[in-house]
Amino acid sequence: MHNIYQRNVILLFFGLTCSWASYAEVVVVVNPQNPIQAMKIDEVRDIFLGQSGEFPGGDLAIPADLPEGATRDAFYMKVADKSPQQMRAYWLKLIYTGKGIPPQKSSDSAALKKLISKNQGVIGYIDEKEVDNSVKVIPLK
Amino acid sequence: MRHKKLSKISALFILLGPLLQLNNVFADDLQQFRLSGFGTMGFVKTNTDDAEFVPSPDYSRGASTSPDWLIDSAIGAQATGDFSNNLSGTLQLISKRDLGHSYSPSTQWAFLAYRFNNHITARAGRLGSPYFMVSDYRNINAANPWVRPTIDVYGQVPFSYEDGVDLIIRSNVGKSRLTVQPFYGKSKNKLWWGAAVTAKINPLWGLNASLEQGPYTLRIGHAAGNLTIADHENLNLILDGLRNDLLTAFCSECSARADHFEVINKNVSFQDIGFQGDWPRMLIMAEYTRRLAPGFAPDTNAWYLTGAYRFGKISPYLTLSKVIQTSAKQDNTVPNLPIEEIQLLRDGINQTLSDVGQQTRGIGIRWDLTESLDFKTQLDHVSVANTSVGGYNVDVKPGFSGHYNALSVTLDFEF
């Protein structure tokens, strides 16, 4: 009796954490022809913060952003530990001192996937649920 | 002459714009030319009519109990184009009130940048001067926690750009990123020093280095050059008085004193050490600075400390800042004789040398409304060291208590 109750609680808790995790699970995606297989979080961060223009192998990397929203906020929190307010200030400083240009923004995840499927060097991020065979998911080390 | 040159540069950008846009089609929607803009709408009101608050030393009029809508207001536009993988150009125009109360756009940045590799970029043209931690983007208020950088610290070097060259050298040191930036050029600005004066630094050189790791940034900077302020009529009258033959007859040091006070081609230097801790929930910023200036221009030390806490889109903050004068506040070279001209000369010298110090305690709140719009309101309490000089305030009237409050409201936007 006691055991069954305990197991149910564990299952319920497990279910809740899973649904919470899948709610904001952002994945990094590239063109399926891109030879890259996995990346470190810092490597992804450097590309999206304009500090590196290359994939680890040396190929040209072009980052592409999603519009303002939960997926973008979760992505920058995950790779750069920066809030939307910090990201705004970060880019303003670089743009208006001529030191950098932010990733170009796609209008939504469908447009982003289209951009990636047409350009081998583009790297983006989408909600895990949006993944299809037009893009390749890059596991983060 | 210069305006002609700059309008040629803008024409070039306008002509190249559509060409580069066209290029986009071939590059499958990847952009190579960008136009963007930013601005601030501001409002300042104080509780005194005995002095006027100004945001920087290039304003002759400021805010008092009658509100001022324009001292913090500015609008800017920037064009950036990639001409090749390595060569890019940036042009930034800003329109805000200047000393002559004109709002005609001035060129803040106009440079070509050449990227040699991932580590080294060279730039030439008009460049924002990096004297302070946030000085090269001091006009981009949305990038900063406050309504404006405090005049106590940022007022010490009232030059926002130089015409020259710089190098940006980036490298990784362990887990930190090191950026070193040497620069060389010349700079000029019209300032308010009781009267409009032209201040020039030529040549100007400097070096700064910043080390970033995670949320932390540590930055040190040094700048030096030759300063000239030649057109201040009252100061020139004092210098003429000191060099007058009748005076030098019984004051042998007076003429040498005039040479000392004069600001023509004399060494000026500035050092800054800054720290920033920038977390999703909190921001701490501090700078300590030292200015060594020649002649009548005072030596100063200044610092500020800012702390902000971020409750999501709402960030309350506190700032303390202070500037103190470290050079002599009076001079007794001229003998104290009961002759009116001599007394006037002594008064003039001591008035010019007197304490420019002041301190400010500020409390404010920033609200990020959207990703391109924020609202800030800040209440400052200003206390000046010498009420007859009135610190950085202008139009100081007799009887000024030296203490007042200033309320500022700004809206920063990008477009």
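Here is a yes/no grid of residues against (1) under 23 Å from A:Gly53 (Cα atoms); (2) not in a loop (DSSP other than H, G, I, E, B):
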site: B:Phe43; (1), (2): no, yes
site: B:Asp58; (1), (2): no, no
site: B:Arg61; (1), (2): no, no
site: B:Thr65; (1), (2): no, no
site: B:Thr80; (1), (2): yes, yes
site: B:Asp98; (1), (2): no, no
site: B:Asn118; (1), (2): yes, no
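Can you spot a residue in segment B:88-96 that is among the hydroxyl-bearing types (Ser, Thr, Tyr) and within 9 Å of chain A (Cβ to nearest Cβ)?
So far as segment B:88-96 goes, yes, one or more of its residues are among the hydroxyl-bearing types (Ser, Thr, Tyr) and within 9 Å of chain A (Cβ to nearest Cβ).
So which residues in segment B:316-331 are closer than 30 Å to B:Arg243 by Cα and touching a helix residue (DSSP H, G or I) at 6+ places or on another chain (Cβ under 8 Å)?
B:Ser327, B:Ala328, B:Lys329, B:Gln330, B:Asp331
Would you call A:Phe75 more than 10 Å from chain B (Cβ to nearest Cβ) and touching a Leu at 6+ places or on another chain (Cβ under 8 Å)?
Taking the combined requirement at face value, the residue satisfies it.
Hey, B:Ile339 hits all of (1) free of Cβ contacts under 8 Å to residues at least 60 places away in the same chain; (2) away from every other protein chain (no Cβ under 14 Å); (3) in contact with a strand residue (DSSP E or B) (Cβ under 7 Å, 6 or more places away or on another chain); (4) of a type in the set (Val, Ile, Thr) but one; which does it fall short on?
Result: B:Ile339 passes all but (3).
Output the number of the condition that A:Glu128 fails; it satisfies all remaining conditions of (1) within 9 Å of another protein chain (Cβ to nearest Cβ); (2) in contact with a helix residue (DSSP H, G or I) (Cβ under 8 Å, 6 or more places away or on another chain).
Tallying (1) within 9 Å of another protein chain (Cβ to nearest Cβ); (2) in contact with a helix residue (DSSP H, G or I) (Cβ under 8 Å, 6 or more places away or on another chain), A:Glu128 fails exactly one: (1).
For segment A:78-106, what are the residues that are charged (D, E, K, R), more than 9 Å from chain B (Cβ to nearest Cβ) and part of a helix (DSSP H, G or I)?
Of everything in segment A:78-106, just one residue is charged (D, E, K, R), more than 9 Å from chain B (Cβ to nearest Cβ) and part of a helix (DSSP H, G or I), namely A:Lys78.
Could you list, in sequence order, all residues of segment B:218-243 that are basic (Lys, Arg) and touching a helix residue (DSSP H, G or I) at 6+ places or on another chain (Cβ under 6 Å)?
B:Arg243
Going through segment B:359-381 one residue at a time, which ones are in contact with a helix residue (DSSP H, G or I) (Cβ under 9 Å, 6 or more places away or on another chain), assigned to a strand (DSSP E or B) and either closer than 24 Å to B:Gln330 by Cβ or within 14 Å of chain A (Cβ to nearest Cβ) (or both)?
B:Gln359, B:Arg366, B:Asp368, B:Leu373, B:Asp374, B:Lys376
For the condition modelled with pLDDT of 90 or more, more than 19 Å from B:Gln32 (Cα to Cα) and more than 14 Å from chain B (Cβ to nearest Cβ), what is the one hit in A:Ile41, A:Ile36, A:Ile4?
Only one candidate passes the filter, namely A:Ile36.
Pairs under 7 Å by beta carbon, first residue more than 11 Å from chain A (Cβ to nearest Cβ) and closer than 18 Å to B:Leu178 by Cβ in segment B:104-119, partner part of a loop (DSSP other than H, G, I, E, B) and among the charged types (D, E, K, R), six or more apart or different chains?
none
If I ask for residues that are surrounded by fewer than 16 Cβ atoms within 10 Å (Cβ to Cβ) and small (Gly, Ala, Ser), which ones from segment A:87-110 would you list?
A:Gly100, A:Ser107, A:Ala110
Show me the strands (runs of 3 or more DSSP E) found entirely inside segment B:126-220 where at least 2 residues are without any contact (Cβ under 8 Å) to a residue 24 or more places away in the chain.
Per the criteria, B:196-213.
Given the conditions (1) surrounded by fewer than 17 Cβ atoms within 10 Å (Cβ to Cβ); (2) within 28 Å of B:Gly37 (Cβ to Cβ); (3) modelled with pLDDT of 95 or more; (4) out of contact with any Ser or Thr (no Cβ under 7 Å at 6 or more places or on another chain), which single one is not true for B:Gly312?
(3)
Within segment B:302-315, identify whether any single residue is touching a residue at least 60 places away in the same chain (Cβ under 8 Å) and either charged (D, E, K, R) or touching a helix residue (DSSP H, G or I) at 6+ places or on another chain (Cβ under 6 Å) (or both), and answer yes or no.
Yes.
Check segment B:65-78 and report whether any residue there is of a type in the set (D, E, K, R), closer than 30 Å to B:His381 by Cβ and modelled with pLDDT under 95.
Scanning segment B:65-78 turns up at least one residue that is of a type in the set (D, E, K, R), closer than 30 Å to B:His381 by Cβ and modelled with pLDDT under 95.
It is to be established whether one or more residues within segment A:40-58 are part of a loop (DSSP other than H, G, I, E, B), surrounded by 20 or more Cβ atoms within 10 Å (Cβ to Cβ) and without any contact (Cβ under 8 Å) to a residue 40 or more places away in the chain.
No; the residues of segment A:40-58 include none that is part of a loop (DSSP other than H, G, I, E, B), surrounded by 20 or more Cβ atoms within 10 Å (Cβ to Cβ) and without any contact (Cβ under 8 Å) to a residue 40 or more places away in the chain.
Answer with yes or no whether B:Val157 is under 18 Å from B:Ile220 (Cβ atoms) and among the hydrophobic types (A, V, I, L, M, F, W, C).
Yes: the conditions hold for B:Val157.
If a residue has to be surrounded by 14 or more Cβ atoms within 10 Å (Cβ to Cβ) and touching a strand residue (DSSP E or B) at 6+ places or on another chain (Cβ under 8 Å) to count, how many in segment B:221-263 make the cut?
Residues flagged as surrounded by 14 or more Cβ atoms within 10 Å (Cβ to Cβ) and touching a strand residue (DSSP E or B) at 6+ places or on another chain (Cβ under 8 Å) within segment B:221-263 amount to 13.
When only residues in segment B:88-146 that are touching a helix residue (DSSP H, G or I) at 6+ places or on another chain (Cβ under 7 Å) and among the aliphatic types (A, V, I, L, M) count, which is farthest from B:Gly164 (Cα to Cα)?
B:Ala142
Listed residues B:Gly357, B:Gly348; which is touching a residue at least 12 places away in the same chain (Cβ under 8 Å), crowded, with 17+ Cβ neighbours inside 10 Å and more than 22 Å from the chain's Cα centre (by Cα)?
B:Gly348
For segment A:107-118, what are the residues that are among the charged types (D, E, K, R) and either more than 10 Å from chain B (Cβ to nearest Cβ) or touching a strand residue (DSSP E or B) at 6+ places or on another chain (Cβ under 8 Å) (or both)?
Of everything in segment A:107-118, those that are among the charged types (D, E, K, R) and either more than 10 Å from chain B (Cβ to nearest Cβ) or touching a strand residue (DSSP E or B) at 6+ places or on another chain (Cβ under 8 Å) (or both) turn out to be A:Asp108, A:Lys113.
The values are calculated or read from the model by the stated rules, or taken from the named source; none is laboratory data. Please read all numbers here as calculations on a predicted model, not as lab measurements. Cβ atoms come from the backbone with ideal geometry, glycine included; neighbour counts cover every protein chain shown.
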